[in-house]
Amino acid sequence: MANEIKFFLDGQEVEAQPSETILDVARRLGKRIPTLCHDPRLEPFTSCFVCLVEQEGRPGFVPSCGTKVAPGLKIHTDTPAVREARRMALELLMSAHSGDCVAPCRLQCPDNIDIQTYIASIAAGEFGEALKVIKRTNPFPSVCGRVCPHTCELQCRRNRVDEPVAINPLKRFVADLDRESKTPYRPAVAPDTGRRVAVIGGGPAGLTAAYYLRQKGHAVTVFEMNEKAGGMLRYGIPRYRLPHDVLDAEIAHIADLGVEIRYGQKLGRDFTLKSLREQGFDAAFIAVGAWVSQKMDVPGEDLDGVFPGIGYLFEAAHGRKPKIGKQVIVVGGGNTAIDAARTARRMGAEVTLLYRRTRKEMPAEAYEVEEAEREGVKMHFLAAPVEILGKNGKVSGIRSIRMELGEPDASGRRRPVPVPGSEFEIPASAVIAAIGQKPDPSVWSEAGGPGATKWATVKADEKTFQSEVPWVFTGGDCLTGAATAIEAIAGGRKAAISIDRFLRGLQPLPIGKPFSDSIGRLEDVPEDIFQGVEKQPRAKGREVDVQRRLKGFAEVELGISAAQALSEAGRCLECGCTAVDTCQFRLLCEEHEVQADRFKSDHTHLPILEDHPFIRYDPNKCIMCGRCVRICLEQQGLGALGFVRRGFETQIQPTLGQPLLSTDCDACGQCLSTCPTGALEVKPVLPKPGPFAPDCHEIACGFCGISCRLKIETVRGRYLRAATQPGAGHNRGNLCVDGSFGHRFLETLPRLAEPRVRSGGKTVRGDWERALAAAADGLKKRQGKGVAVLSSGPLTNECAWMLQRLAQDGLGTPHVAILDGTDDPGRVREALGPAVLPFSEIGRADALWVIGSDPFEYAPVVGIEIRRAAAGGVSLRRLSHKPSRLDELAARTCRVPRQSLERILAALAGASDDLDRTANEAGVKAAHLKEAVEALRSSRNPVIIVTDDLSSEGLAALGELAAKSCGRERVLLLRRGGNAAGREEMGLIPKGGDGKAKSLGGIRQALRRGEIGALLLLDTDPFGTALAPKEVHRDVFVVACTLTAGPWARRADVCLPASALVEEFGSVFSLAGCAVETAAAVSPPGGKSTLEILDELCVRCAGLARLGTVDEVWKEALSRRSDLSRLRPAGESAERRCHAG
């Protein structure tokens, strides 16, 4: 084109239109420039400066979103300087942001398990979903639910109210449910990659790595030196804490993915790293644990009766009983020491535990220490052994010395210092030394293998888990030293990420905690955060009493009940942001390695606004990008939100400080769709907001004829929220209140879930076979007197075809009508034609005439397009009976009484010779009306937009006027009914010209009088139908296919559970003149889709061929009416793709 501009973008010469910005061109060419304040629906604002680029010859940077292209420009979008500038911009924005991106419990967890989400799933009763969330990062939830030290609870904000949420018992609850079910959760395994991984060690780290590597499609072989896998989980943790059948079940889940486990195979004895390489393994993961017990380094340590802690537990795990006698001393203060002490008690010994520090410094869990004391273990603090005493080569006692605490050591704990002259002796038959373990470097030491550190661990990068030998990785205790099971599991999972990258030819990257801003550590959180939080006792699990538990190794803790789990999940304060995985701001901060506290500022916690029924606004998370303010003002014409105060105190608040509901807010949800952070969020319909990782389903909205494209997010088949992509689809990502929040009915509306049949004067619940047979039989018997087929609510094109097929071919009736359409659709169609128009024509128009009701009340997305066109200079005129926010942009608004609209249109069309008198009676100047008509005639691209609440006479008159002035094809008829245009096109209007077909009014009158024998009512409108049961004579046989157990379910002779549009596969035809595919986001409660029900009735009523699928319906429809092809989206149907997937 002659007006194209050429410039250079990252060294490449490109062409652009003068109206385009650098950002526009970059996105069109597939180049990514990050932004936060930009929305394609709005004019550039350049407030965030994240989209900065370099322009040669100009110092500094320019914002790409607001800089128009110019000839010869040389732009660089991704240089070190640009990245650093963007990073600083993000850090400046972060200084104004105050909120927890990631919940503090998750950050505290070594494995960063998504605790908030699995608790939210439990609160919703979705126990299976909770288990899936846990297993994304931890394949041992039943194990960890028993043995994890749950450090997550240390940062649980509930501590500031009463007690922390019982996070670990909740994990155990859902894990045990899954483990005991007949169909435990099994993750998907990717296709085989042809790569092989050797995992050396079948403990928690090794098995975890195997679990996640197998899911990536790699072949995994585990080499385990013992006769069973589990490592320290099996041989270092007593059965009363972790029963072996629980461990075995979770190991079996890992093996069932296709992981091979070879037993009795020890590195250095049965194979080497070199031999693994020779066998064809592409990578190895060393996870051999820490099996070497630390020595006490005191005289007498070699006496008979001195046991290393882990060795003693190893023997006990095999069911053997070491000879410990009746008086046992356990030395140490960790979990191994406590486990050894409690095990010795179960073997009948009196046990005393020596620990060189105080109870406060014990690394063992406080709960485990308390349980040990309950079981009779005596604690002797501030005491350390100096000699093991013996007689005849056997232990007879221990000499200890008292200690006192000195200065803190490297661990932060005060160093114990001996008290001179304080030695004392304790008699003993055995001493168990449990002061720590370490790996054995000789296991992996071989030529060409990785080295060892001074701590006897594998020498490797602790962030990537890659050793000095590139194909050898490590994790767990042999990398970190002896640690907890959850730390080993975390190491195994993270190592698997690096190994997978290595196998795919990518460089392993450092793996740390997820990026998160925070309002502070537990002790620093402002007190007002907890205002209004009621105290609620923490759930306590059942446990075996002390006397019974000491008789054996049966499990002590028995877990919590389902009722307790639901109640306990409700205690969660939902600290983390529900937008953590979608927040554009956080994702960019993570990508640019932002330092969250680089620019510190003092934050005063602002109250969260929750007065709106659908919207939650947290001003603390707002970064002042202004998108919500601008979309409300520029697109919606409202201004419900605005900037208040100045400088660093600037906030975005509802107008005049009012509650949002008290402003002009129309609950369109546009502010939600544009917010790049979690400041504006949808209020949850589930008990807790998540954050969930939802399934997304592309659907067409069914609440009006626009059929907007949107996404329905679901969790385990449950509705979560509606969302859009700004700028996407014929609606450009715009929605109204119905599109944004109307689908909440999927969770809030009591649905009909099973068929009902009237029998003996009563309605009884029946099965599908009985109900369908009764429906078909009743309809067939009354064909002689006539059957009416009425539709209310949205239907897919395919369902509409099936309904008219049932009416015409199955029941032979012409009495077909749409309850939520015009009073005479046949006449309107004859006058106006299809009356659909691409929205792009509104923007290209040079004259707009809007007639009837306010588009913002009727089809708000069209109102947005009209407002956008008028703001861009298109001449707008309105002829209406009520005011609109469009009036401020209109060149002329003619306000007339509602009852005068039809007469004025008739006069303008020439049906009346006295326009002046008609206009005068309506209180409007005839000259203004003539001016509007003349504007249509003289325009090159005029558009008339009219609402379908005008009578058919008025719409017919408009058709005549359009034909004379601009052409009927320039008319857009706004219809409220879902897929209104599609239903009409597919034939859901009274048939024939033989006088037999009744209009809607005629059908309703015949139903009242009982002149029609049967009524088939298909009502898919969640808000009800315009036809009331009392309008139908009691003798009329009624088959109602409806969503709810409402009035029609009680009146009908047969009631069938219908599916809503959001529960149906198929297509719709938008008033924007385009076919839109829609997918079933959730399953219908009744188990059958509306299409299946209609198909079945076609077969039973008239023996018609069963069609079955969307594709088969189209095959038949197109064989009979080829003109319908424009109503079907191109390509394979969503139904087929879904079933293929």
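Since every read-out is calculated from the coordinates, none of them should be taken as a lab result. Predicted model only: the values in this text are computed from it and were never measured. Note that each Cβ is placed from the backbone with ideal geometry, even for glycine, and that neighbours are counted across all protein chains shown.
Rounded to two decimals, what is Rg over Rh for the chain when you use alpha-carbon atoms and the Kirkwood radius?
My calculation puts Rg/Rh at 1.06.
Along the three principal axes, how long is region 513-592 when you take its alpha carbons, biggest first, rounded to the nearest angstrom?
Rounded to whole Å, the extents work out to 58, 32, 26 Å.
What lysines could a cross-link reach from K463, if we take a straight Cα to Cα line under 17 Å and drop same-chain neighbours fewer than 8 places away?
Leaving aside lysines fewer than 8 places away in the same chain, those within reach of K463 are K494, K513.
Could you list L876, L1016 in order of exposure, starting from the residue whose Cβ has the fewest other Cβ atoms within 10 Å? Before the final figure, lay out the partial values.
Details: L876 23, L1016 30.
Going from sparsest to densest Cβ surroundings: L876, L1016.
For q values of 0.10, 0.12, 0.18, 0.19 Å⁻¹, compute log₁₀ I(q)/I(0) with the Debye formula on a Cα-only model of region 1-84, without solvent.
The Debye formula, applied to the Cα set alone, gives -0.21, -0.31, -0.71, -0.79.
With a Förster radius of 22 Å, plug the Cβ-Cβ distance of E769 and D809 into 1/(1 + (r/R0)^6) and report the FRET value to the nearest 0.05. Intermediate results must be reported in sequence, preceding the final value.
Working: r = 23 Å, r/R0 = 1.05.
Using R0 = 22 Å, I get an efficiency of 0.45.
Round to the nearest 10 and give me the degree value, 0 to 90, for the angle of helix 926-938's Cα axis relative to the longest principal axis of the chain.
Value to nearest ten degrees: 70.
What is the extension gain from D611 to F643, computed as 0.36 nm multiplied by their sequence separation minus the C-alpha to C-alpha distance, in nm to one decimal? Numbers along the way, then the final one.
Values: separation 32, 0.36 × 32 = 11.52 nm, distance 1.93 nm.
Once the chain is fully extended between D611 and F643, it gains 9.6 nm.
Would you mind getting me the FRET efficiency between D461 and T151? Use the beta-carbon distance for r and R0 = 22 Å, nearest 0.05.
Values: r = 24 Å, r/R0 = 1.10.
Approximately 0.35, to the nearest 0.05.
What is the antiparallel percent of DSSP beta bridges lying wholly in the chain, to the nearest 5? Intermediate values should be presented prior to the final figure.
Details: 63 of 136 bridges.
Rounded to the nearest five, the antiparallel share is 45 percent.
Based on the Cβ-Cβ distance of L749 and D10, what FRET efficiency does E = 1/(1 + (r/R0)^6) give at R0 = 56 Å, to the nearest 0.05? Before the final figure, lay out the partial values.
Values: r = 52 Å, r/R0 = 0.93.
So the FRET efficiency works out to roughly 0.60.
When every alpha-carbon pair in region 829-974 is counted, what percent end up more than 25 Å apart? Can you show the working numbers first?
Values: 1742 of 10585 pairs.
The calculated P(r) of region 829-974 puts 16 percent of pairs beyond 25 Å.
Among the aspartates and glutamates, which have Cα under 13 Å from the Cα of K394 when same-chain residues fewer than 8 positions away are ignored?
Filter leaves E301, D302, D304.
Hey, quick one: spin label on A410, modelled 7 Å out along Cα-Cβ, who in region 424-458 has an amide N within reach, i.e. under 12 Å?
Answer for region 424-458: 454-456.
Starting from the Cα-Cα distance between C696 and R1009, subtract it from 0.36 nm times their residue separation and give me the gain in nm to one decimal.
Numbers: separation 313, 0.36 × 313 = 112.68 nm, distance 4.80 nm.
So the extension gain works out to 107.9 nm.
What is the diffusion coefficient of region 601-748 in µm²/s, taking the Kirkwood radius over Cα pairs and the Stokes-Einstein relation at 20 °C with a viscosity of 1.002 mPa s? Could the numbers behind the result be given before it?
Details: Rh = 16.1 Å.
Stokes-Einstein gives a translational diffusion coefficient of 133 µm²/s.
Using Cα pairs under 8 angstrom and six or more residues apart, how large is the relative contact order of the chain, in percent? Write out the running numbers ahead of the final one.
Working: 2485 pairs, mean separation 115.3, N = 1141.
10 percent.
At 0.36 nm per residue, and after removing the present C-alpha to C-alpha distance, how many nm does the segment from Q651 to R359 gain when stretched out fully?
100.2 nm
With the Cα gyration tensor of region 994-1141 in hand, convert its eigenvalues to equivalent ellipsoid semi-axes via √(5λ) and list them largest first in whole Å.
Details: eigenvalues 176, 73, 48 Å².
Working from the Cα gyration tensor, I get semi-axes of 30, 19, 16 Å.
In degrees, nearest 10, range 0 to 90: what is the angle between the Cα axis of helix 860-871 and the longest Cα principal axis of the chain?
Computed tilt is about 70 degrees.
Return a whole-number percent for the relative contact order of region 797-947, with Cα pairs under 8 Å and 6 or more residues apart as the contact set.
Details: 179 pairs, mean separation 36.3, N = 151.
Over region 797-947, the number comes to 24 percent.
Stokes-Einstein D for region 252-392 at 37 °C, 0.692 mPa s, Kirkwood Rh over Cα pairs, in µm²/s? Let's see the in-between values first.
Details: Rh = 18.0 Å.
Reported coefficient: 183 µm²/s.
Excluding G1001 itself, what net charge comes from residues whose Cβ is under 15 Å from its Cβ, given Lys and Arg +1 and Asp and Glu -1? Walk me through the numbers on the way to the answer.
Working: positive: R827, K998, R1004, R1008, R1009; negative: D820, D823, D824, E953, E1011, E1031.
In short, -1.
Can you list the lysines whose alpha carbon is less than 29 Å from that of K68, not counting same-chain residues fewer than 8 positions off?
Within the straight-line limit of under 29 Å, K68 reaches these lysines: K6, K31.
So which of K391/K438; K540/K688; K182/K683 end up more than 24 Å apart by C-alpha?
On the way: K391/K438 31 Å; K540/K688 22 Å; K182/K683 36 Å.
Pairs exceeding the cut-off: K391/K438; K182/K683.
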